[in-house]
Amino acid sequence: MDETIRRPPKDGLKWAGAGPDVIACWIADMDFPTAPEIVEALQRRARGDLGYPAWAAEPQSGPLAEAFAERMLATYGWDAEPSWVRSFSDLNQALQVMLHLTTGPGDTVAMHAPAYPPFLGTIAEMGRRLRTDVSDLSGCRALVLVNPHNPTGKVFSRPELVALAEQAERHDLVVIADEVHADLVYAPGRHTPFASILPERTITLTSATKAFNLGGVRCALAHMGPPQVREALRAQPSFLYGGANVFGVEATVAAWRHADGWLRDTMTVLDRNRRLIAERLPGYVPPEAAYLAWLDLGRPGMAEVLEREAKIMVSDGAAFGPGGESFVRLNFATSEAILTEVLDRLDRARSAGLLR
């Protein structure tokens, strides 16, 4: 694919806070141009009708739900129900709504750690108690399952998911499955939707934003398997949670129906990049999915050191909760030239005694 990058220091929020000569590798966004099929779909919409779409009054239906169900069946063999879908602006909003509907203040919510910082923040802000030991889910009200996992890139195997499903049944809890990285699994790995194992207890959250580099379009959805959750949502005021916008839906539908060629080319580049990191960093195990390298640098505070001394901006692993203190998260969804420069800077930092 064309590895044209968007790297000028003033390129929006992605580079916010980056000083001169700093390579920003911290936010989960790719340095690749948008798929032509998505650009064309947005251009057609912009040239055409920008009034209210027919589906605007029914956020749980319409083309977004249909495209989602089609993709789940064709790609993963899961027969999702379009009428159980509800659109949201992003996954963080969707998670908060689902936790609001299924849990209360003081309830215990389980989630594997380290974990995506906004999800940790949501659980704290909503007054829920976090449990990071998921070997025993007794006393929990819900499990937030991030699969593929962020930040480690782990893809849960079917036996691992079945074991979690058995616990969910045993302890009568809802599973909120964030599967936004599902389309970014490297061969021969395969993503298994949790709802294909435990449909009546699973809420699936997903979006095209990660796999197709569309973070700014603000479009996500929840597929609600538990009937009590659908009923609870219907009981809420109609416009309380908003919904996806016209351009977000257009971009998402175009991605899921027409841009798989772009995605295959992108995965080829990402696979090469993860292998390049493994070649340059002895002992590093590449992720099974996504484009985030989870690097153990041996001691806390290394994100600040790397930005100051090596001019590399990464995410501090401490923000990901228990188990992340000595780690940093590095985004490798960029050109080979930039990734090579990042790795060269890491080598120089190690030679200078900054890294163990």
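Numbers below:
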| quantity | calculated |
| --- | --- |
| Hey, T266 closer than 27 Å to D90 by Cα, touching a Ser or Thr at 6+ places or on another chain (Cβ under 9 Å) and not basic (K, R) or not | no |
| Residue list for region 92-116, restricted to those being open to solvent by less than 20 Å² (accessible area, probe 1.4 Å) and under 15 Å from the mean Cα position of the chain (by Cα) | A94, L95, M111, P114, A115 |
| Failed criterion for V175 (all others in (1) open to solvent by less than 10 Å² (accessible area, probe 1.4 Å); (2) more than 28 Å from D29 (Cβ to Cβ); (3) among the aliphatic types (A, V, I, L, M) hold) | (2) |
| Extreme residue, farthest from Y284 (Cα to Cα), among residues of region 328-343 that are open to solvent by 40 Å² or more (accessible area, probe 1.4 Å) and touching a helix residue (DSSP H, G or I) at 6+ places or on another chain (Cβ under 9 Å) | E336 |
| Tabulated pairs, region 311-323, first over 15 Å from M111 (Cα atoms), second of a type in the set (K, R), C-beta under 8 angstrom, 6+ apart or interchain | K311/R345; I312/R345; V314/R329; S315/R329; G317/R329 |
| Residue, farthest from I176 (Cα to Cα), within region 117-149, restricted to residues that are polar (S, T, N, Q) and open to solvent by less than 10 Å² (accessible area, probe 1.4 Å) | T122 |
| Subset of region 238-263 that is in contact (Cβ under 8 Å) with a residue 40 or more places away in the chain, in a loop (DSSP other than H, G, I, E, B) and of a type in the set (A, V, I, L, M) - its residue that is nearest to A208 (Cα to Cα) | A259 |
| Within region 179-198, tally of residues that are closer than 20 Å to M267 by Cα, aliphatic (A, V, I, L, M) and open to solvent by less than 10 Å² (accessible area, probe 1.4 Å) | 1 |
| Qualifying position, being part of a loop (DSSP other than H, G, I, E, B), in contact with a strand residue (DSSP E or B) (Cβ under 8 Å, 6 or more places away or on another chain) and either open to solvent by 30 Å² or more (accessible area, probe 1.4 Å) or not small (G, A, S) (or both), among D29, D79, D49 | D29 |
| Residue satisfying all of: in region 52-76; acidic (D, E) and outside any loop (DSSP other than H, G, I, E, B); nearest to V249 (Cα to Cα) among these | E66 |
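The values are calculated or read from the model by the stated rules, or taken from the named source; none is laboratory data. These numbers come from a predicted model, not from an experiment. We place every Cβ from the backbone using ideal geometry, glycine too, and count neighbours over all the protein chains shown. Only protein heavy atoms, including side chains, enter the accessible area calculation; ligands, DNA and RNA are left aside. Shrake-Rupley method; radii C 1.70, N 1.55, O 1.52, S 1.80 Å.
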